[in-house]
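The values are calculated or read from the model by the stated rules, or taken from the named source; none is laboratory data. Model, not experiment: these values are computed from the prediction. Please note: Cβ atoms are built from the backbone with ideal geometry, for glycine as well, and neighbour counts cover all protein chains shown. Remember, those area values only see protein heavy atoms, side chains included, never the ligands or the DNA or RNA. Shrake-Rupley method; radii C 1.70, N 1.55, O 1.52, S 1.80 Å.
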Amino acid sequence: MESSASFSPSSCSPRSPNPNPNLDQQPRLTITLLEQLKVEQKVAEIYGLLNGVSAHARSLMSELRRDKHVEFLMRGLKQLGPSYHVLDANRPWLCYWILHSIALLGEPLDTELENDVMDFLSRCEDEDGGYGGGPGQLPHLATTYAAVNTLVTLGSENALSSINRDNLYKFLLRMKDSSGAFRMHDAGEIDVRACYTAISVASILNILDYELVKDVGNYILRCQTYEGGIAGEPGSEAHGGYTFCGLATMILINEADRLDLSSLLDWVAFRQGVECGFQGRTNKLVDGCYSFWQGGVLALMQKLLPVVDKQLTSSSVSGESSLGSTCNIKSSDLAGQGSGKLSDVGFSFIKRHTESVPLFHTIALQQYILLCSQVLEGGFKDKPGKNRDFYHSCYCLSGLSVSQYSWSKDAGASPLPTAVLGPYSNLLEPIHPLYNVVLDKYHMSHEFFSRS
């Protein structure tokens with residue numbers, strides 16, 4: 001098992017220059033490589049501060065600044081500066097990023113603030129279903145996902161009952177394309193992100209059915225690339241965010257066994273780089289938000305390893321690739337039980353016991369988040385040299401939670417101190433990785449929507 005001692009700074013040191021004195025024979029450095037070297041240098045300087053310090057000092061350096069984060073988040077929930085006007089069409093996202101972060105930190109929300117959020121989101125809800133980016137704006141699948149996750153995070157009966165599920169279902173059907181995929185909004189783009197937000201919302205609200213699921217899996221299969229990851233649309237480049245969306249969708253519709261899971265696992269595992277964090281695409285810079293988008297994929301894959309093993313066994317016996325094949329694996333293997341009800345897949349999946357160790361270096365990721373992405377005044381950022389924001393605060397904290405609980409065999413079980421970098425007070429609330437909501441909030445919503 002991993003030690004709570006930090007990841008070795010020497011493994012994150014910048015690359016040595018080519019000693020060849022003949023400059024004409026040296027390769028020309030691209031802009032991308034130069035930027036990569038700059039990031040590696042900054043990260044190595046930060047990790048170098050850990051050298052020669054006591055275990056106590058190292059623990060303090062890795063401390064999660066809870067009070068500062070809560071202060072930053074609460075301030076944003078009440079009042080945003082003028083620079084945020086560019087996010088006017090993303091206001092439910094701001095609610096979700098902030099409230100989910102607060103929930104991860106275990107901080108309660110007072111009734112007045114909760115009522116204010118519910119009132120605002122009710123004005124974003126379209127009379128024909130779905131939620132727009134603000135009052136009077138066009139309903140959109142992305143902001144619908146953000147609004148629903150926000151209300152699930154609030155968790156009260158008033159918040160959950162405020163969602164008009166009948167109209168929302170009709171909205172999801174209107175966004176359904178003949179290809180099987182979904183459009184983000186009326187006459188909008190079709191991509192894997194739309195598939196995930198639609199299926200996730202339908203699943204968590206207990207309205208997922210065959211009409212919504214039909215041919216979604218076929219579309220996502222067309223988006224898995226030769227690298228193993230999943231692109232936003234057929235023919236595009238594999239991307240961490242779309243890989244999470246694609247895999248989570250396939251799990252929720254009980255068709256994850258149709259993906260080439262072995263190559264997907266390889267691609268994601270190799271996205272954790274020398275900086276200890278994750279990159280979103282091959283040959284791209286590390287970014288704190290992929291702590292969740294890529295780390296979350298590996299948390300899901302941890303529960304899918306029996307299916308991966310069956311795919312590899314089937315492939316070796318047949319002598320053919322498992323890509324696009326069901327590999328004779330029963331759908332019930334994914335959910336853990338064959339209940340036949342699609343909306344129960346997410347519940348059954350999280351209940352599955354995990355035998356595997358984590359599929360990434362969890363302590364290394366925690367070190368990147370706490371030392372390179374955490375802002376001591378509150379909030380999180382992409383990487384050293386960038387500014388903090390609510391988006392990165394949400395997904396850095398989500399990735400931190402995923403990495404802390406990756407050694408736990410059962411969902412929500414308290415991890416051993418060796419699984420948590422820094423003081424044990426750094427431990428966050430566990431999440432349901434398919435929806436990225438706090439696990440207790442998910443269970444409350446599942447019970448509520450199962451009754452109706």
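Here is how the numbers come out for the structure above:
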{"quantity": "Cut-off under 5 Å, modelled amide H: who pairs with residue 437 long-range", "calculated": "432"}
{"quantity": "Largest-first ordering by accessible area, 1.4 Å probe, given options 122, 314", "calculated": "122, 314"}
{"quantity": "Surface accessible to a 1.4 Å probe, residue 210 within the full protein complex, Å²", "calculated": "150"}
{"quantity": "Pair residue 282, residue 409: separation of 7 Å Cα→Cβ label points (nm)", "calculated": "3.8"}
{"quantity": "Cα gyration tensor, segment 28-110 - rounded (a/c under 1.5), prolate or oblate", "calculated": "oblate"}
{"quantity": "Projected label distance in nm at residue 355 and residue 60, using a 7 Å step from Cα toward the beta-carbon", "calculated": "4.5"}
{"quantity": "Area of residue 68 that stays accessible when all protein chains are in place (1.4 Å probe, Å², to 10)", "calculated": "90"}
{"quantity": "Cβ-placed point charges (K, R +1; D, E -1), dipole of segment 93-158 about Cα centre in debye, nearest 20", "calculated": "280"}
{"quantity": "Order of exposure, largest accessible area first, which applies to 414, 393 with probe 1.4 Å", "calculated": "414, 393"}
{"quantity": "Pairwise centroid distance, computed over Cα atoms, of segment 371-445 with segment 244-269, Å", "calculated": "22"}
{"quantity": "With all protein chains modelled, accessible area of residue 207 [1.4 Å, Å²]", "calculated": "30"}
{"quantity": "Charge dipole (debye, nearest 20) of segment 365-441; +1 at Cβ of Lys and Arg, -1 at Cβ of Asp and Glu", "calculated": "180"}
{"quantity": "Ranking by accessible area, most exposed first, for 290, 219, 242 with a 1.4 Å probe", "calculated": "242, 290, 219"}
{"quantity": "For the chain: relative contact order, % (alpha-carbon pairs under 8 angstrom, 6 or more apart)", "calculated": "20"}
{"quantity": "Cα centre as origin, Lys/Arg/Asp/Glu Cβ charges: the chain dipole, Debye", "calculated": "740"}
{"quantity": "Accessible-area composition of the chain, carbon plus sulfur, in percent [1.4 Å probe]", "calculated": "51"}
{"quantity": "Cα pair distances of segment 371-452 binned at 10 Å [whole percent]", "calculated": "17, 40, 31, 10, 2"}
{"quantity": "Nitroxide proxy distance, nm - points 7 Å out along Cα→Cβ at residue 425 and residue 162", "calculated": "3.3"}
